[in-house]
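The structure appears right after this line, and notes come after that.
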Amino acid sequence: MSAASVVRYSFGHFELQPSERRLLADGLPISVPPRAFDLLVVLAERHGHLVTKEDLLRRVWPGVVVEENALHAQISALRKVLGAATIATISGAGYRFAVDVARSGAEAAPEPSAGTPHNLPRPLTSFVGRERQIGELKELLHQTRLLTLSGAGGCGKSRLALELAGQLLDTFPDGLWLVELAAVANQSLVPQMVADTLGLKERGSETLTTNIVKHIGSNQVLLVIDNAEHLLGACGELAEALLRRCEGLSIVVTSRERLGVPGELTYRVPSLSVADPMQRHNGDTLAAYESAQLFVARARLHDARFAITDQSASAVASICSQLDGIPLAIELAAARVRVISVDEVNKRLDQRFRLLTDNSSTALPRQRTLRALIDWSYDLLNSAEKTVFSRAAVFADGFTLDAAEHVLSGGSIDEEDVLDLLTSLTDKSLIQAEYRAGITRFRQLETVRQYSRDRLRESGDEAACRLRHSAHFLALAQTAEEALRGPERVWLSLVSAEHENIRAALVWSLAAEGDPVTGLRIASSLFPFWLMRGFFKEGREWVKLLLDAVPQGVADEMRAKGLSVAGWLALYQADEGTAKRMLEESLLLWRTLGDRRGLSVALHGLASLRARLGDLAGARTLYEESLLIKREAGNRWGTARVLDGLSSVLRQQGNIALARISAQEALALERELDAGQYLYGLHRLAEIELAVGNAAAASNYIREALLTHDAAPVEDDLLQGRATHANSVNIERLAAMLETMGYVQVALGHWSSAALMLGHAAYLRDEGGLLLSHADLHVHERNMAAARAELGESAFDSTWRDGRALASDQIVRIVLYPPRN
């Protein structure tokens, strides 16, 4: 073996010798499983940096398809040898070797770099030209941490930014994230969009900006904020705050205007290079120009046989010149070769530009050109196509065929004709079709959408179209309200995909011509969605705005429901004063209306509030009144939830017999309603058994709850970022179950296990911004103190931190399959 191949890594009292496949501790060899050793080598090579799960699987199991459980098992094996804190879990991405490593020996050939976590879309079409611009932008990012790509609509800012980002994956090893703002209308939602992209949730009373700062820290991260021109104030404020506090962060922005933030460097995106139309050209000479390259590439998507001939070369050069080399304009023009010749395209462009220049002489040339091109495309449509094209502007962030059939039909457009019309518009590149998880979503490019919105307003059809849009998403919200309470969890993804359309409907409902009652119906029906996705703040704000917009005495039933929803969301945010005020007002209104079903919801919320505040007697009275109404109405789901809360109160009051009866009935209802959702009753029974000193039975109930709910993969998916948002309700329940299991370990005298489980429960609560109630806090502190006293301060803190560092699936497996002593 040559000396050039000998490389060693030292950390703590360990030395790793990859070529000899040895790990030494204080100079003595340690036995490490082969896969765990390979894993350690990869982590040591990239010490201090994130290594994605995908890259670890590729490097350690080359050419073999394995499940992530195998990776988790090897990580656990290494942590037992090296110490739990040596390998850090990075939420939503992978792992990082978290100790200082010294590398010795001659330089060997470098291993391929670990993959950078990112959400960049895979382009469906080729990227043409721009080599010089890419080089310039890379150089500029060495000079500034805030780089804005500016230029007119359609000049290719977004595509250039994505290509730049794709070439910088190795430069930002800790993450590269695209934040798309084109569909966002509200300035206040900018931090929410960034947080959503990073997979973050609200943390108690902390602002989203603070959460983002803590998440990024000093990591080497690049944010690409796309289409910021209509949100300049909010984007500038957020960018400045993040850059001041995150030293490793860089930001690339695309916008028609600069943000106006200190330290910002603006780069004007040029048009693609164009040939002189006055000179003679052929296919070979035009190939040197980016605009012609793009025209040919896109034309071939519509006609695979397309090629520039000596006869058509001059027409192509003329088209690209007249369009000023603007990529979007060229792509739209190239789409026309599907039905007309290049010469005809060229002639029609000449006609349209002259007309527009005459009518808009003060506009910039690019604005005139792009507008003329879209005018021309619009004029080629028949009457039905024009109607559907303009109506599509009401959608934000795309739409499904089902939504299109409900919203775009009406008047002269029959519902059964919508698909054919969308197909025709897609062929003409005026609407895009994308496929996600087996579902087609249609969308308009933002510049095109703005144009179609103008046409819709001119038609006088906008109000009727937006009414249909609101009605469609009200129906979606009302269906989801019931579906999300059962096993149909697919509805969570369906509603998430329409979040921007829902926001658009709510914005319109608050406009002068809108209907705030419909908006209040939508926002209130989405209570399970706001809750399960952790959008407490956004849900509350929408409901409050809509409650203020609906006059007193109008739609009192909806006002009462909205107050209940706002109160419940405030309760989850630990805003107990607001929760009390909202729920009490709702209760009074429901009583006035004589609506017992609504009354039971408000009673349930107030009971939960009083239980949180430690008023057990008051909570029991309200729970029992709510329970009576839910039984009368035959509301089994609601009955189970109230029994769950009542059981907890009865246990805390010392009424174990009644607490057990309530928990058992709740469990029976839960099994009946959804076999995968009966962890609530099992958890309450565990708490009851623990209260009477039967720790073994309590442990069995917790294990059954975790097994039946399949909590390990579900929660790990949520916390590791493979889901778009975290399910805060499930996180809270998992945290509560781990806390109970920690108390069980205290009762059994298993002090280290107790500290481990309580540590991970604390991590979950911090991640979800979830606080213990006043009543639970006393029990928690007593058990923490007992474990700390038995283990000693140092050992307890170390084990507690180990629990925080473990992934959720790992801690659940420890609960389910405890190691033998």
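The values are calculated or read from the model by the stated rules, or taken from the named source; none is laboratory data. Here the structure is a predicted model, which means the values were calculated and not measured. Backbone-built Cβ (ideal geometry, glycine too); neighbour counts: all protein chains shown. What goes into the accessible areas is simple: the full protein's heavy atoms, side chains included, and nothing from ligands, DNA or RNA. Shrake-Rupley method; radii C 1.70, N 1.55, O 1.52, S 1.80 Å.
Here is how the numbers come out for the structure above:
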{"read-out": "Whichever residue in the stretch 195-213 is over 18 Å from ILE731 (Cβ atoms) and part of a helix (DSSP H, G or I) and, among such residues, is least open to solvent (accessible area, probe 1.4 Å)", "value": "ILE212"}
{"read-out": "All positions within the stretch 178-201 that are closer than 21 Å to SER126 by Cα and in contact with a Leu (Cβ under 7 Å, 6 or more places away or on another chain)", "value": "LEU178"}
{"read-out": "Identity of the residue in the stretch 536-554, open to solvent by 40 Å² or more (accessible area, probe 1.4 Å) and part of a helix (DSSP H, G or I), that ends up modelled with the lowest pLDDT", "value": "LYS537"}
{"read-out": "Count - residues of the stretch 662-695 that are part of a helix (DSSP H, G or I) and free of Cβ contacts under 8 Å to residues at least 12 places away in the same chain", "value": "1"}
{"read-out": "Extreme residue, farthest from TYR378 (Cα to Cα), among residues of the stretch 445-500 that are over 20 Å from the mean Cα position of the chain (by Cα) and of a type in the set (Val, Ile, Thr)", "value": "THR479"}
{"read-out": "Matching helices (runs of 4 or more DSSP H) fully within the stretch 220-315 where at least 3 residues are at pLDDT 85 or above and open to solvent by less than 50 Å² (accessible area, probe 1.4 Å)", "value": "232-245, 290-302"}
{"read-out": "Residues within the stretch 9-38 that are surrounded by 15 or more Cβ atoms within 10 Å (Cβ to Cβ) and either closer than 14 Å to GLY83 by Cβ or out of contact with any Asp or Glu (no Cβ under 6 Å at 6 or more places or on another chain) (or both), tallied", "value": "14"}
{"read-out": "Qualifying residue in the stretch 391-408 (condition: touching a residue at least 60 places away in the same chain (Cβ under 8 Å), touching a Leu at 6+ places or on another chain (Cβ under 6 Å) and open to solvent by less than 10 Å² (accessible area, probe 1.4 Å))", "value": "yes"}
{"read-out": "Subset of the stretch 305-314 [touching a helix residue (DSSP H, G or I) at 6+ places or on another chain (Cβ under 6 Å) and either without any contact (Cβ under 8 Å) to a residue 24 or more places away in the chain or over 14 Å from TYR289 (Cα atoms) (or both)]", "value": "PHE306, SER312"}
{"read-out": "Residue list for the stretch 792-817, restricted to those being open to solvent by 50 Å² or more (accessible area, probe 1.4 Å) and either closer than 18 Å to ARG96 by Cβ or among the aromatic types (Phe, Trp, Tyr) (or both)", "value": "TRP800, ARG801, ARG804, TYR817"}
{"read-out": "Matching entry among ALA787, ALA761, ALA795 (being farther than 23 Å from VAL81 by Cβ, over 34 Å from the mean Cα position of the chain (by Cα) and not in a loop (DSSP other than H, G, I, E, B))", "value": "ALA787"}
{"read-out": "Unmet criterion (only one of (1) within 20 Å of ASP809 (Cβ to Cβ); (2) modelled with pLDDT under 85) for LEU78", "value": "(2)"}
{"read-out": "Residue identified as open to solvent by less than 10 Å² (accessible area, probe 1.4 Å) and either over 17 Å from LEU606 (Cβ atoms) or hydrophobic (A, V, I, L, M, F, W, C) (or both) among GLY634, GLY681, GLY654", "value": "GLY681"}
{"read-out": "Every pair of residues 6+ apart whose Cβ atoms lie under 9 Å, when the first sits in the stretch 134-146 and is closer than 20 Å to GLY156 by Cα while the second is of a type in the set (S, T, N, Q)", "value": "ILE134/GLN167; LYS138/GLN167; LYS138/THR171; LEU141/THR171; LEU141/SER250; LEU146/SER250"}
{"read-out": "Filter result for the condition that a residue is among the β-branched types (Val, Ile, Thr) and either surrounded by fewer than 20 Cβ atoms within 10 Å (Cβ to Cβ) or within 21 Å of GLU264 (Cα to Cα) (or both), over THR144, THR116", "value": "THR144"}
{"read-out": "Members of the stretch 85-122 found to be at pLDDT below 70, in a loop (DSSP other than H, G, I, E, B) and among the hydrophobic types (A, V, I, L, M, F, W, C), listed by number", "value": "ALA93, ALA106, ALA108, ALA109, ALA114"}
{"read-out": "Residue check for ASP716: modelled with pLDDT under 90, within 22 Å of PRO528 (Cα to Cα) and in contact with an Asp or Glu (Cβ under 6 Å, 6 or more places away or on another chain)", "value": "yes"}
{"read-out": "Test result for ARG366, modelled with pLDDT under 85 and either open to solvent by 50 Å² or more (accessible area, probe 1.4 Å) or assigned to a strand (DSSP E or B) (or both)", "value": "yes"}
{"read-out": "Residue under evaluation TRP177, criteria (1) open to solvent by less than 30 Å² (accessible area, probe 1.4 Å); (2) under 18 Å from the mean Cα position of the chain (by Cα); (3) at pLDDT 90 or above; (4) not hydroxyl-bearing (Ser, Thr, Tyr), criterion not met", "value": "(1)"}
{"read-out": "Candidate set from the stretch 555-582 (those that are in a helix (DSSP H, G or I) and of a type in the set (D, E, K, R)); member that is nearest to GLU482 (Cα to Cα)", "value": "LYS561"}
{"read-out": "From LEU609, LEU588, residue being within 17 Å of LEU571 (Cα to Cα) and part of a helix (DSSP H, G or I)", "value": "LEU609"}
{"read-out": "Matching residues in the stretch 472-512 - criterion: being more than 23 Å from LEU181 (Cβ to Cβ), out of contact with any Ser or Thr (no Cβ under 6 Å at 6 or more places or on another chain) and either of a type in the set (D, E, K, R) or loosely packed, with under 15 Cβ neighbours inside 10 Å (or both)", "value": "ALA475, GLU482, ARG485, GLY486, PRO487, GLU488, ARG489, VAL490, ALA512"}
{"read-out": "Single condition TYR701 does not satisfy, out of (1) open to solvent by less than 50 Å² (accessible area, probe 1.4 Å); (2) touching an Asp or Glu at 6+ places or on another chain (Cβ under 9 Å); (3) modelled with pLDDT of 80 or more", "value": "(1)"}
{"read-out": "Residue in the stretch 172-194 that is part of a helix (DSSP H, G or I), in contact with a Cys (Cβ under 7 Å, 6 or more places away or on another chain) and under 23 Å from LEU545 (Cβ atoms) present", "value": "yes"}
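Results for (1) under 34 Å from the mean Cα position of the chain (by Cα); (2) of a type in the set (Val, Ile, Thr); (3) open to solvent by less than 10 Å² (accessible area, probe 1.4 Å), shown as yes or no for each residue.
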position: ASP414; (1), (2), (3): no, no, no
position: LEU422; (1), (2), (3): yes, no, yes
position: GLN432; (1), (2), (3): yes, no, no
position: TYR435; (1), (2), (3): yes, no, no
